[in-house]
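A short worksheet on the structure shown next.
Here, each number is a calculation from the coordinates, and none is a lab measurement. Because the structure is a prediction, the values reported are computed rather than measured. Cβ sites come from the backbone with ideal geometry, for glycine too, and all protein chains shown count toward neighbours.
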Amino acid sequence: MNALKDLKLDDIFEDLRSQASKRIDDMRSEGRKQARNAGGGHDDTALFSAFTIGILAGVIVGAAVALLLTPFSGKQARVKLSQQVDKIRSDNMPSWDSGTDSRNGKAAGSYEPTYSSPKPMS
């Protein structure tokens, strides 16, 4: 009887629980691997590698197509781009009123909220 008291059942049960949990986790991960293989799937590293290779191939093909189909040389493209940027900037520059307008010197075409009284409900 003293031998049973000397055994610490809580420690034994805790050890058994931890071993069972570990075994369940191992079986679950093994089952997932088997399910992937049965379905023709691949592991995560193979999928990531394929995705990375696909991205790199897309970048290379896109760059090659852009170089081959660009109608201007690099210098001509930069000049044309800077001309367009200058045109956009000059079109969007505000023209300031003289202050005699009701807008009090705000840029022409700037947004002015209009307030109206609510319509009566019928």
Efficiency of FRET between Lys33 and Ile53 - r from beta-carbon atoms, R0 22 angstrom, step 0.05: 0.45
Hz values of 3J(HN,Hα) by residue in the stretch 82-90 - Karplus curve (6.51, -1.76, 1.60), Gly and Pro given as x: 5, 5, 5, 5, 5, 5, 5, 5, 5
